[in-house]
Amino acid sequence: MFKPYGCLSQFVQERLKKKLLLGDFYDFPNNTMAIGRLDEDSEGLLLLTTDGMMSYKVRNKSIEKEYYAQVDGEVTEESILKLQKGVEITVSGKKYLTLPCKAFKLQNEPNLPNRSKNIRDPRHGPTSWISITVCEGKKRQVRKMTAAVGFPTLRLVRVRIGDIHIDNLLPGDVISMNNVDDAINYN
């Protein structure tokens, strides 16, 4: 599924305030669960399953998750190198050093659907896009990583999990895959 901006990665409302949920886009089978999560402000590829073992396999550290992040400012090569080596972030109130990852500056803005809410007025300064591929998934990890190197994330889109790419999906689109095991490429 291409989880849109402003949607929660869940099926049940936990608060009185009405939020957009995954089930608002498709009539998923009972016991469907998201494999990993994307926060409300993030968008992109979200795998869903009714198989708990599949969820466990995909969340494993051997599976790459690639994100495109639009960051505030012109990202520097020095910052990219820091991201690649691992940066210190806070997880559950404790300092945590992220694992080394793949990171590079995208030379062109990626071809992504427009977001339902504008990022910001371009008069407020330049932005740049980077690709970050991680094998772990701490809460708001990529956002914390870019902020740790001085470039806060303005927009975050997960574009790949293993060998499954978001390709030409649009926000809210859902496609069914019969054999995810073949598409993930476990290392």
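Against the numbered list (1) in a helix (DSSP H, G or I); (2) in contact (Cβ under 8 Å) with a residue 60 or more places away in the chain, ASP41 comes up short only at (1).
Output yes when any residue across the stretch 120-138 is surrounded by fewer than 12 Cβ atoms within 10 Å (Cβ to Cβ), over 23 Å from GLY23 (Cβ atoms) and modelled with pLDDT of 90 or more, and no when none is. Looking through the stretch 120-138, at least one residue is surrounded by fewer than 12 Cβ atoms within 10 Å (Cβ to Cβ), over 23 Å from GLY23 (Cβ atoms) and modelled with pLDDT of 90 or more. With a requirement of 1 or more residues that are among the hydrophobic types (A, V, I, L, M, F, W, C), at negative phi and touching a residue at least 40 places away in the same chain (Cβ under 8 Å), the strands (runs of 3 or more DSSP E) lying completely within the stretch 45-132 that satisfy it span 47-49, 65-72, 88-91. Quickly run through the stretch 2-44 and pick out the residues that are buried (at least 18 other Cβ atoms within 10 Å of the Cβ) and either at positive phi or of a type in the set (Gly, Ala, Ser) (or both). Passing the criteria: SER9, ALA34, SER42, GLY44. Which residues, counting only those in the stretch 126-151, are more than 13 Å from the chain's Cα centre (by Cα), over 14 Å from LYS82 (Cβ atoms) and not β-branched (Val, Ile, Thr)? If the condition is that a residue be more than 13 Å from the chain's Cα centre (by Cα), over 14 Å from LYS82 (Cβ atoms) and not β-branched (Val, Ile, Thr), then PRO126, SER128, TRP129 are the ones that fit. Taken over the stretch 100-119, residues that are of a type outside the set (Lys, Arg) and surrounded by 11 or more Cβ atoms within 10 Å (Cβ to Cβ) amount to 11. The combined condition, being free of Cβ contacts under 8 Å to residues at least 12 places away in the same chain, out of contact with any Gly (no Cβ under 6 Å at 6 or more places or on another chain) and under 21 Å from ASP173 (Cβ atoms), is fulfilled by ASP27.
For (1) in contact with a Leu (Cβ under 9 Å, 6 or more places away or on another chain); (2) among the small types (Gly, Ala, Ser); (3) within 23 Å of ALA148 (Cβ to Cβ), each residue gets a yes or a no:
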{"site": "ARG37", "(1), (2), (3)": "yes, no, yes"}
{"site": "TYR56", "(1), (2), (3)": "no, no, no"}
{"site": "VAL71", "(1), (2), (3)": "yes, no, yes"}
{"site": "GLU78", "(1), (2), (3)": "no, no, yes"}
{"site": "ILE89", "(1), (2), (3)": "yes, no, yes"}
{"site": "GLY93", "(1), (2), (3)": "no, yes, yes"}
{"site": "PRO110", "(1), (2), (3)": "no, no, yes"}
{"site": "PRO113", "(1), (2), (3)": "yes, no, no"}
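The values are calculated or read from the model by the stated rules, or taken from the named source; none is laboratory data. Just so it is clear, the model here is predicted, and its values are computed rather than measured. All Cβ positions, even for glycine, are placed from backbone atoms using ideal geometry, and neighbour counts span all protein chains on display.
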